[in-house]
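Encoded as C-alpha coordinates, the structure appears first; notes follow it.
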Amino acid sequence: MAALPPPLSQTALAIDAAFVAAARDGDSAGVPMSGVANECQRALWYAFRWCAPLEAPTGKRQRIFETGNIYEGRLLDMLRMIGCEVREIDETTGQQLRVELAGGHLRGKVDGRVTGLPEAPVAEHVVEAKSMNERAFKALTKAGSVREAKPDHFAQLQLYLHGTGLRRGLYLAACKNDDEIYVERVEYDPAFCLALVDRIERIVASPAPPPRLHDDPTSKAAFACQWCPARALCHEGTFPRQNCRTCIESEPQDGPKWTCALHARTLSYSEQQAGCPDHRFVPAVVPGEQTDADPQRRTVTYRMPDGSAWVDGESAGRAA
Ligand code: SF4
(Lines give C-alpha, C1' and ligand atoms only; values in the text may rest on other atoms or scores of the structure.)
Protein backbone atom coordinates (compact mmCIF):
# COMPACT_ATOMS: atom_id res chain seq x y z
CA MET A 1 0.00 0.00 0.00
CA ALA A 2 1.38 3.41 -0.94
CA ALA A 3 2.18 5.71 1.96
CA LEU A 4 -0.31 8.53 2.43
CA PRO A 5 1.11 12.05 2.14
CA PRO A 6 1.67 13.74 5.53
CA PRO A 7 -1.35 15.73 6.74
CA LEU A 8 -1.30 19.46 6.01
CA SER A 9 -1.24 21.81 8.97
CA GLN A 10 -4.56 23.62 9.15
CA THR A 11 -2.83 26.40 11.07
CA ALA A 12 -0.22 26.94 8.35
CA LEU A 13 -2.93 26.88 5.69
CA ALA A 14 -4.99 29.45 7.64
CA ILE A 15 -1.95 31.74 8.01
CA ASP A 16 -1.22 31.48 4.27
CA ALA A 17 -4.83 32.28 3.48
CA ALA A 18 -4.77 35.30 5.81
CA PHE A 19 -1.66 36.68 4.06
CA VAL A 20 -3.22 36.12 0.65
CA ALA A 21 -6.46 37.82 1.75
CA ALA A 22 -4.51 40.84 2.98
CA ALA A 23 -2.40 41.09 -0.20
CA ARG A 24 -2.83 44.19 -2.32
CA ASP A 25 -2.94 42.98 -5.88
CA GLY A 26 -3.07 44.98 -9.08
CA ASP A 27 -0.55 46.42 -11.46
CA SER A 28 1.93 49.11 -10.63
CA ALA A 29 0.57 52.48 -11.83
CA GLY A 30 3.94 53.44 -13.32
CA VAL A 31 7.45 52.07 -13.82
CA PRO A 32 8.81 51.30 -10.33
CA MET A 33 12.31 52.66 -9.72
CA SER A 34 13.13 49.31 -8.12
CA GLY A 35 12.82 47.68 -11.55
CA VAL A 36 14.60 50.07 -13.90
CA ALA A 37 17.82 48.10 -14.00
CA ASN A 38 16.01 45.40 -15.98
CA GLU A 39 18.17 44.97 -19.07
CA CYS A 40 15.14 44.25 -21.24
CA GLN A 41 13.28 47.37 -22.26
CA ARG A 42 10.58 45.20 -23.82
CA ALA A 43 9.88 43.59 -20.42
CA LEU A 44 9.57 47.07 -18.88
CA TRP A 45 7.15 48.09 -21.63
CA TYR A 46 5.00 44.99 -21.11
CA ALA A 47 4.84 45.73 -17.36
CA PHE A 48 4.00 49.42 -17.92
CA ARG A 49 1.26 48.40 -20.35
CA TRP A 50 -0.21 45.75 -18.00
CA CYS A 51 0.20 43.01 -20.61
CA ALA A 52 1.40 39.96 -18.68
CA PRO A 53 -0.79 37.96 -16.30
CA LEU A 54 -0.52 39.10 -12.70
CA GLU A 55 1.33 36.74 -10.40
CA ALA A 56 -1.09 35.31 -7.84
CA PRO A 57 -0.06 36.16 -4.27
CA THR A 58 0.97 33.29 -1.98
CA GLY A 59 1.39 33.30 1.78
CA LYS A 60 5.13 32.72 1.44
CA ARG A 61 5.63 35.54 -1.06
CA GLN A 62 3.66 37.98 1.07
CA ARG A 63 5.67 37.02 4.17
CA ILE A 64 8.90 37.65 2.26
CA PHE A 65 7.66 41.18 1.41
CA GLU A 66 6.73 41.75 5.02
CA THR A 67 10.13 40.55 6.23
CA GLY A 68 11.76 43.04 3.85
CA ASN A 69 9.66 45.85 5.33
CA ILE A 70 10.51 44.80 8.88
CA TYR A 71 14.23 44.79 8.06
CA GLU A 72 13.94 48.19 6.40
CA GLY A 73 12.44 49.64 9.60
CA ARG A 74 15.10 47.97 11.75
CA LEU A 75 17.91 49.37 9.63
CA LEU A 76 16.51 52.90 9.90
CA ASP A 77 16.15 52.42 13.67
CA MET A 78 19.82 51.40 13.83
CA LEU A 79 20.70 54.82 12.40
CA ARG A 80 18.56 56.46 15.08
CA MET A 81 20.35 54.33 17.71
CA ILE A 82 23.63 56.02 16.84
CA GLY A 83 22.12 59.48 17.01
CA CYS A 84 21.25 60.12 13.36
CA GLU A 85 18.13 61.99 12.43
CA VAL A 86 16.02 59.98 10.00
CA ARG A 87 13.02 61.34 8.17
CA GLU A 88 10.66 58.91 6.44
CA ILE A 89 7.56 61.08 6.00
CA ASP A 90 6.92 63.98 3.65
CA GLU A 91 5.44 66.66 5.95
CA THR A 92 3.50 68.18 3.06
CA THR A 93 1.55 64.97 2.40
CA GLY A 94 1.88 63.08 5.68
CA GLN A 95 2.93 60.05 3.60
CA GLN A 96 6.14 58.20 2.79
CA LEU A 97 8.62 60.28 0.79
CA ARG A 98 8.06 59.80 -2.94
CA VAL A 99 9.97 60.62 -6.08
CA GLU A 100 8.47 60.92 -9.57
CA LEU A 101 10.35 61.35 -12.85
CA ALA A 102 9.61 60.87 -16.58
CA GLY A 103 6.39 62.88 -16.45
CA GLY A 104 5.43 61.09 -13.22
CA HIS A 105 5.46 57.63 -14.79
CA LEU A 106 8.76 56.60 -13.19
CA ARG A 107 7.99 56.32 -9.48
CA GLY A 108 9.60 55.34 -6.22
CA LYS A 109 9.17 55.52 -2.46
CA VAL A 110 12.25 56.71 -0.61
CA ASP A 111 13.11 54.77 2.56
CA GLY A 112 14.36 57.90 4.30
CA ARG A 113 16.60 60.95 4.47
CA VAL A 114 19.29 60.93 7.13
CA THR A 115 21.62 63.48 8.71
CA GLY A 116 24.27 63.03 11.38
CA LEU A 117 26.22 60.11 9.95
CA PRO A 118 29.56 59.67 11.77
CA GLU A 119 31.50 59.97 8.46
CA ALA A 120 29.55 63.03 7.26
CA PRO A 121 27.71 64.74 10.13
CA VAL A 122 26.35 67.65 8.05
CA ALA A 123 25.46 66.24 4.64
CA GLU A 124 21.94 64.91 4.25
CA HIS A 125 21.85 61.48 2.59
CA VAL A 126 19.08 59.49 0.92
CA VAL A 127 18.92 56.08 2.63
CA GLU A 128 18.12 52.87 0.81
CA ALA A 129 17.72 49.90 3.19
CA LYS A 130 17.65 46.31 1.93
CA SER A 131 17.73 42.79 3.32
CA MET A 132 19.00 39.78 1.42
CA ASN A 133 19.98 36.14 1.77
CA GLU A 134 23.47 35.02 2.68
CA ARG A 135 24.55 34.29 -0.87
CA ALA A 136 23.66 37.75 -2.12
CA PHE A 137 25.10 39.38 0.97
CA LYS A 138 28.42 37.56 0.55
CA ALA A 139 28.60 38.66 -3.09
CA LEU A 140 27.94 42.25 -1.98
CA THR A 141 30.60 42.31 0.73
CA LYS A 142 33.09 40.60 -1.59
CA ALA A 143 32.53 43.21 -4.30
CA GLY A 144 32.44 46.04 -1.76
CA SER A 145 30.31 47.97 -4.23
CA VAL A 146 26.53 48.15 -4.53
CA ARG A 147 27.01 49.37 -8.10
CA GLU A 148 28.79 46.16 -9.00
CA ALA A 149 26.96 43.59 -6.88
CA LYS A 150 23.42 45.01 -6.86
CA PRO A 151 22.91 47.17 -9.96
CA ASP A 152 19.13 47.28 -9.37
CA HIS A 153 19.60 48.73 -5.87
CA PHE A 154 22.24 51.14 -7.19
CA ALA A 155 19.92 52.42 -9.92
CA GLN A 156 17.08 52.84 -7.45
CA LEU A 157 19.23 54.86 -5.05
CA GLN A 158 20.60 56.99 -7.90
CA LEU A 159 17.09 57.87 -9.08
CA TYR A 160 16.12 58.86 -5.53
CA LEU A 161 19.13 61.18 -5.47
CA HIS A 162 18.17 62.57 -8.87
CA GLY A 163 14.56 63.13 -7.79
CA THR A 164 15.22 64.59 -4.34
CA GLY A 165 18.11 66.83 -5.38
CA LEU A 166 20.36 65.33 -2.67
CA ARG A 167 23.89 64.43 -3.69
CA ARG A 168 24.83 61.66 -1.26
CA GLY A 169 23.24 58.28 -0.71
CA LEU A 170 23.58 55.71 2.04
CA TYR A 171 23.10 52.08 1.12
CA LEU A 172 22.35 49.87 4.11
CA ALA A 173 21.99 46.12 3.71
CA ALA A 174 21.35 43.32 6.20
CA CYS A 175 21.93 39.59 5.84
CA LYS A 176 18.74 37.75 6.76
CA ASN A 177 20.70 34.66 7.84
CA ASP A 178 22.95 36.19 10.48
CA ASP A 179 22.04 39.91 10.76
CA GLU A 180 25.44 41.06 9.51
CA ILE A 181 25.17 44.57 8.04
CA TYR A 182 26.83 46.33 5.10
CA VAL A 183 27.08 50.11 4.78
CA GLU A 184 28.23 52.10 1.75
CA ARG A 185 28.06 55.79 0.96
CA VAL A 186 27.26 56.50 -2.67
CA GLU A 187 27.81 59.65 -4.72
CA TYR A 188 25.20 60.98 -7.13
CA ASP A 189 26.02 60.10 -10.74
CA PRO A 190 24.11 62.60 -12.94
CA ALA A 191 25.10 61.06 -16.30
CA PHE A 192 23.92 57.64 -15.14
CA CYS A 193 20.58 59.09 -13.97
CA LEU A 194 19.96 61.13 -17.11
CA ALA A 195 20.56 58.07 -19.28
CA LEU A 196 18.22 55.98 -17.13
CA VAL A 197 15.43 58.58 -17.16
CA ASP A 198 15.83 58.99 -20.91
CA ARG A 199 15.52 55.22 -21.37
CA ILE A 200 12.29 55.11 -19.34
CA GLU A 201 10.86 58.18 -21.13
CA ARG A 202 11.35 56.38 -24.42
CA ILE A 203 9.64 53.23 -23.09
CA VAL A 204 6.71 55.28 -21.75
CA ALA A 205 6.30 57.10 -25.07
CA SER A 206 6.62 54.00 -27.23
CA PRO A 207 3.26 52.89 -28.71
CA ALA A 208 4.61 49.40 -29.44
CA PRO A 209 6.88 46.93 -27.60
CA PRO A 210 10.60 47.70 -28.06
CA PRO A 211 12.87 44.97 -29.50
CA ARG A 212 13.47 41.77 -27.53
CA LEU A 213 16.55 41.39 -25.41
CA HIS A 214 16.87 37.82 -26.73
CA ASP A 215 15.24 36.37 -29.81
CA ASP A 216 15.82 32.81 -28.63
CA PRO A 217 14.58 32.44 -25.04
CA THR A 218 16.09 28.95 -24.82
CA SER A 219 19.64 30.11 -25.50
CA LYS A 220 22.11 29.99 -22.63
CA ALA A 221 22.46 33.76 -22.67
CA ALA A 222 18.71 34.34 -22.32
CA PHE A 223 18.68 34.01 -18.55
CA ALA A 224 16.34 37.03 -18.21
CA CYS A 225 13.68 35.33 -20.34
CA GLN A 226 13.49 32.31 -18.02
CA TRP A 227 12.04 34.46 -15.23
CA CYS A 228 10.23 37.04 -17.31
CA PRO A 229 6.49 37.27 -16.61
CA ALA A 230 5.97 38.35 -20.23
CA ARG A 231 7.75 35.37 -21.78
CA ALA A 232 4.56 33.76 -23.10
CA LEU A 233 3.52 37.01 -24.82
CA CYS A 234 6.97 37.73 -26.12
CA HIS A 235 7.94 34.32 -27.45
CA GLU A 236 4.94 31.99 -27.39
CA GLY A 237 2.24 34.00 -29.15
CA THR A 238 -0.25 34.46 -26.31
CA PHE A 239 -2.58 37.45 -26.04
CA PRO A 240 -1.99 40.17 -23.48
CA ARG A 241 -4.62 41.09 -20.92
CA GLN A 242 -7.52 43.27 -21.99
CA ASN A 243 -7.45 46.63 -20.19
CA CYS A 244 -6.95 50.27 -21.18
CA ARG A 245 -3.17 49.97 -21.22
CA THR A 246 -3.32 47.41 -24.06
CA CYS A 247 -5.89 49.46 -26.02
CA ILE A 248 -4.92 51.44 -29.11
CA GLU A 249 -7.02 54.41 -27.91
CA SER A 250 -5.14 55.05 -24.65
CA GLU A 251 -2.06 57.18 -24.22
CA PRO A 252 0.18 58.08 -21.27
CA GLN A 253 0.50 61.81 -20.58
CA ASP A 254 2.66 63.84 -18.24
CA GLY A 255 1.10 64.23 -14.84
CA PRO A 256 1.06 61.30 -14.74
CA LYS A 257 -2.22 60.43 -16.36
CA TRP A 258 -3.69 58.23 -19.07
CA THR A 259 -6.16 59.54 -21.59
CA CYS A 260 -8.59 57.81 -23.93
CA ALA A 261 -8.75 59.33 -27.42
CA LEU A 262 -12.05 57.62 -28.22
CA HIS A 263 -13.93 58.85 -25.15
CA ALA A 264 -11.87 62.06 -24.93
CA ARG A 265 -11.17 61.93 -21.21
CA THR A 266 -8.70 61.02 -18.51
CA LEU A 267 -8.95 57.49 -17.13
CA SER A 268 -8.75 56.62 -13.45
CA TYR A 269 -6.61 53.68 -12.31
CA SER A 270 -9.70 51.48 -11.76
CA GLU A 271 -11.17 52.41 -15.15
CA GLN A 272 -7.87 51.48 -16.80
CA GLN A 273 -7.85 48.14 -15.00
CA ALA A 274 -11.40 47.35 -16.12
CA GLY A 275 -11.13 48.50 -19.74
CA CYS A 276 -14.36 48.96 -21.71
CA PRO A 277 -16.34 47.28 -24.51
CA ASP A 278 -14.69 49.61 -27.05
CA HIS A 279 -11.25 48.08 -26.34
CA ARG A 280 -9.13 47.36 -29.41
CA PHE A 281 -5.70 45.85 -28.96
CA VAL A 282 -2.56 47.76 -29.87
CA PRO A 283 -1.78 45.81 -33.10
CA ALA A 284 1.83 45.14 -32.09
CA VAL A 285 0.71 43.05 -29.10
CA VAL A 286 -1.66 40.81 -31.07
CA PRO A 287 0.03 37.49 -31.93
CA GLY A 288 -1.04 37.70 -35.56
CA GLU A 289 -0.41 39.75 -38.66
CA GLN A 290 -2.72 42.69 -39.36
CA THR A 291 -4.42 42.25 -42.75
CA ASP A 292 -7.16 44.89 -42.67
CA ALA A 293 -8.87 47.63 -40.66
CA ASP A 294 -12.29 49.24 -40.94
CA PRO A 295 -12.37 52.71 -39.35
CA GLN A 296 -16.18 52.93 -39.67
CA ARG A 297 -16.84 49.74 -37.76
CA ARG A 298 -13.71 50.17 -35.63
CA THR A 299 -12.50 46.67 -36.43
CA VAL A 300 -9.00 45.36 -37.12
CA THR A 301 -8.48 42.04 -38.89
CA TYR A 302 -5.51 39.75 -38.25
CA ARG A 303 -4.23 36.52 -39.80
CA MET A 304 -3.41 34.26 -36.88
CA PRO A 305 -0.51 31.76 -36.88
CA ASP A 306 -2.88 28.86 -37.69
CA GLY A 307 -4.10 30.72 -40.81
CA SER A 308 -7.48 31.71 -39.36
CA ALA A 309 -8.74 35.31 -39.39
CA TRP A 310 -9.56 37.15 -36.19
CA VAL A 311 -11.37 40.46 -36.15
CA ASP A 312 -10.77 42.66 -33.14
CA GLY A 313 -14.02 44.51 -32.40
CA GLU A 314 -16.33 42.06 -34.12
CA SER A 315 -17.49 40.44 -30.89
CA ALA A 316 -16.80 40.87 -27.19
CA GLY A 317 -13.58 39.31 -25.94
CA ARG A 318 -10.65 38.08 -27.95
CA ALA A 319 -9.26 35.05 -29.70
CA ALA A 320 -8.22 32.33 -27.28
S1 SF4 B 1 10.91 37.15 -22.61
FE2 SF4 B 1 13.03 37.91 -22.76
S3 SF4 B 1 13.10 39.26 -24.56
FE4 SF4 B 1 10.93 38.94 -23.99
S5 SF4 B 1 10.35 40.63 -22.66
FE6 SF4 B 1 11.00 39.01 -21.32
S7 SF4 B 1 13.21 39.28 -21.00
FE8 SF4 B 1 12.62 40.54 -22.75
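Among the residues that make up segment 145-163, is at least one of them out of contact with any Leu (no Cβ under 6 Å at 6 or more places or on another chain), β-branched (Val, Ile, Thr) and either assigned by TED's automatic domain parsing to the domain that holds PRO252 or crowded, with 20+ Cβ neighbours inside 10 Å (or both)?
Yes, the conditions are met somewhere in segment 145-163.
Would you be able to tell me the number of residues in segment 203-254 that are of a type in the set (D, E, K, R) and in contact with a helix residue (DSSP H, G or I) (Cβ under 8 Å, 6 or more places away or on another chain)? Spell out how you get there, then give the answer.
So in segment 203-254, the residues of a type in the set (D, E, K, R) come out as 212, 215-216, 220, 231, 236, 241, 245, 249, 251, 254.
From what is left, the residues that are in contact with a helix residue (DSSP H, G or I) (Cβ under 8 Å, 6 or more places away or on another chain) are 212, 231, 245, 254.
Here the count works out to 4.
Scan segment 222-277 residue by residue and report those that are within 16 Å of the ligand (Cβ to nearest atom), in a helix (DSSP H, G or I) and closer than 16 Å to TRP45 by Cβ.
ALA224, CYS225, ARG231, ALA232, LEU233, CYS234, HIS235, ARG245, THR246
Is there a residue being of a type in the set (Val, Ile, Thr) and outside any loop (DSSP other than H, G, I, E, B) anywhere in segment 208-220?
no
Considering only segment 23-44, how many residues are under 23 Å from ARG98 (Cβ atoms) and either hydrophobic (A, V, I, L, M, F, W, C) or out of contact with any helix residue (DSSP H, G or I) (no Cβ under 8 Å at 6 or more places or on another chain) (or both)?
Residues flagged as under 23 Å from ARG98 (Cβ atoms) and either hydrophobic (A, V, I, L, M, F, W, C) or out of contact with any helix residue (DSSP H, G or I) (no Cβ under 8 Å at 6 or more places or on another chain) (or both) within segment 23-44 amount to 10.
Yes or no, residue by residue, for (1) away from the ligand (no atom under 16 Å from the Cβ); (2) among the small types (Gly, Ala, Ser):
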position: ALA143; (1), (2): yes, yes
position: ARG167; (1), (2): yes, no
position: LEU170; (1), (2): yes, no
position: VAL186; (1), (2): yes, no
position: ASP198; (1), (2): yes, no
position: PRO209; (1), (2): no, no
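Residues PHE192, PHE281: which one is away from the ligand (no atom under 16 Å from the Cβ), touching a Cys at 6+ places or on another chain (Cβ under 8 Å) and not polar (S, T, N, Q)?
PHE281
Could you tell me whether segment 44-58 includes any residue that is surrounded by fewer than 18 Cβ atoms within 10 Å (Cβ to Cβ) and either outside any loop (DSSP other than H, G, I, E, B) or among the hydroxyl-bearing types (Ser, Thr, Tyr) (or both)? Let's see the steps before the verdict.
Our first condition is that a residue be surrounded by fewer than 18 Cβ atoms within 10 Å (Cβ to Cβ); within segment 44-58, this holds for 53-58.
Then keep just the ones that are either outside any loop (DSSP other than H, G, I, E, B) or among the hydroxyl-bearing types (Ser, Thr, Tyr) (or both); that gives 58.
Among the residues of segment 44-58, at least one is surrounded by fewer than 18 Cβ atoms within 10 Å (Cβ to Cβ) and either outside any loop (DSSP other than H, G, I, E, B) or among the hydroxyl-bearing types (Ser, Thr, Tyr) (or both), which makes the answer yes.
If I ask for residues that are over 16 Å from GLY108 (Cβ atoms) and more than 16 Å from the ligand (Cβ to nearest atom), which ones from segment 28-53 would you list?
Those that are over 16 Å from GLY108 (Cβ atoms) and more than 16 Å from the ligand (Cβ to nearest atom): none in segment 28-53.
The values are calculated or read from the model by the stated rules, or taken from the named source; none is laboratory data. This is a predicted model, so every value here is computed, not measured. We place every Cβ from the backbone using ideal geometry, glycine too, and count neighbours over all the protein chains shown.
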